[in-house]
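Q: The structure's right below; bear with me while I get my questions together.
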Amino acid sequence: MVDLRSRTHGPGATKGVNLVVLAYDDRVESDAGTEEPVHHLDARVHPGDRRAPGQTELALVPSKDEPSEGEFENSARYTAAQFSAVVDAAGENTAPLLDAQGTVVGHAYGVKADLLINGGDVVVNTKTLEATELSVDADERGLAIRAQIDASTAAARTAREIAKTRKNQVKPEFTAYTKEEALSSEG
């Protein structure tokens with residue numbers, strides 16, 4: 001799950017966040033009580049947002065070790081009206097989500113919104129939705145938005161591993177026995 005604490009990103013870290021909302025076609029179900037559709041949306045911080053660099057995970061909702069019935073990986077529940085607000089705010093900033101065979105399995109929507117906590121999950125405040133300038137189309141390298149997200153998080157993981165390795169490296173010890181040896185080794 002993305003770290004959006006104010007001590008990391010400053011005051012207002014959860015305000016005006018550029019997001020990619022991944023809406024998969026197979027993550028829609030009917031609410032048993034109302035028969036209204038419920039959308040399980042996977043919202044992630046856009047890799048171009050100021051809060052994305054250094055984050056090893058951009059998903060708002062953490063992965064569930066053992067999702068129960070009706071739960072989906074990195075997803076939170078949104079009503080049909082809330083999903084419609086996401087679609088409206090994104091406008092033309094949308095891209096198809098393709099599976100390995102090239103079949104469309106959903107759509108990605110680019111939006112900007114404030115974030116809230118709901119039932120322990122970080123969710124999009126659909127009342128503050130607006131358009132974002134960050135595109136969800138393929139970038140200049142031809143990477144689809146999911147590949148851009150993966151590249152951003154992989155770079156952060158690599159940077160953390162390098163920093164961890166450097167921190168754990170043994171520093172050379174000073175071995176000169178006398179002041180003269182120390183001064184002569186400095187050239």
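The values are calculated or read from the model by the stated rules, or taken from the named source; none is laboratory data. Quick caveat: nothing in here was measured; it's all calculated off a predicted structure. Note that we place each Cβ from the backbone using ideal geometry, even for glycine, and neighbour counts take in every protein chain shown. Each accessible area value is taken on the protein alone, full model and side chains, heavy atoms only, with ligands, DNA and RNA left out. Shrake-Rupley method; radii C 1.70, N 1.55, O 1.52, S 1.80 Å.
Q: Quick test for you: out of Ala32, Ala52, pick the one residue that is under 23 Å from Phe72 (Cβ atoms) and modelled with pLDDT under 90. Spell out how you get there, then give the answer.
A: Numbers: Ala52 fails: modelled with pLDDT under 90.
Selected residue: Ala32, the only one of Ala32, Ala52 that is under 23 Å from Phe72 (Cβ atoms) and modelled with pLDDT under 90.
Q: Take the range 20-39 and flag every residue that is hydrophobic (A, V, I, L, M, F, W, C) and within 15 Å of Pro96 (Cα to Cα). Write out each step before concluding.
A: Residues of the range 20-39 hydrophobic (A, V, I, L, M, F, W, C): 20-23, 28, 32, 38.
Listed by number, the residues that qualify are Val20, Val21, Leu22, Ala23.
Q: Further question on the same structure: Does any residue of the range 114-125 turn out to be under 17 Å from Asn18 (Cβ atoms), modelled with pLDDT of 95 or more and open to solvent by 50 Å² or more (accessible area, probe 1.4 Å)?
A: No, because not a single residue in the range 114-125 is under 17 Å from Asn18 (Cβ atoms), modelled with pLDDT of 95 or more and open to solvent by 50 Å² or more (accessible area, probe 1.4 Å).
Q: Would you confirm, using the coordinates I've provided, whether Ala108 is at pLDDT 95 or above, hydrophobic (A, V, I, L, M, F, W, C) and open to solvent by 30 Å² or more (accessible area, probe 1.4 Å)?
A: Details: at pLDDT 95 or above: yes; hydrophobic (A, V, I, L, M, F, W, C): yes; open to solvent by 30 Å² or more (accessible area, probe 1.4 Å): no.
The answer is no for Ala108.
Matching residues to (1) exposed (fewer than 13 other Cβ atoms within 10 Å of the Cβ); (2) closer than 23 Å to Gly142 by Cβ; (3) of a type in the set (Asp, Glu):
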| site | (1), (2), (3) |
| --- | --- |
| Glu29 | no, no, yes |
| Glu35 | yes, no, yes |
| His39 | no, no, no |
| Asp42 | no, yes, yes |
| Pro47 | no, yes, no |
| Arg51 | no, no, no |
| Thr56 | no, no, no |
| Ala76 | no, no, no |
| Ser84 | no, no, no |
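Q: Only one residue in Glu173, Glu140 is open to solvent by 100 Å² or more (accessible area, probe 1.4 Å), at pLDDT 90 or above and not in a helix (DSSP H, G or I). Which one? Spell out how you get there, then give the answer.
A: Details: Glu173 fails: at pLDDT 90 or above.
After ruling out the rest, the residue left standing is Glu140.
Q: Out of the residues in the range 143-167 that are among the polar types (S, T, N, Q) and over 16 Å from the mean Cα position of the chain (by Cα), which is modelled with the lowest pLDDT? Let's see the steps before the verdict.
A: Just the residues of the range 143-167 that are among the polar types (S, T, N, Q), to begin with: 148, 152-153, 158, 165.
Next, only the ones that are over 16 Å from the mean Cα position of the chain (by Cα) stay: 158, 165.
Numbers: Thr158: 94, Thr165: 84.
Among those residues, the one meeting the criterion is Thr165.
Q: Being closer than 29 Å to Ala155 by Cα and among the aromatic types (Phe, Trp, Tyr): is that true of Phe83 here? Give the steps one after another, and end with the answer.
A: Details: closer than 29 Å to Ala155 by Cα: no; among the aromatic types (Phe, Trp, Tyr): yes.
Taking the combined requirement at face value, the residue does not satisfy it.
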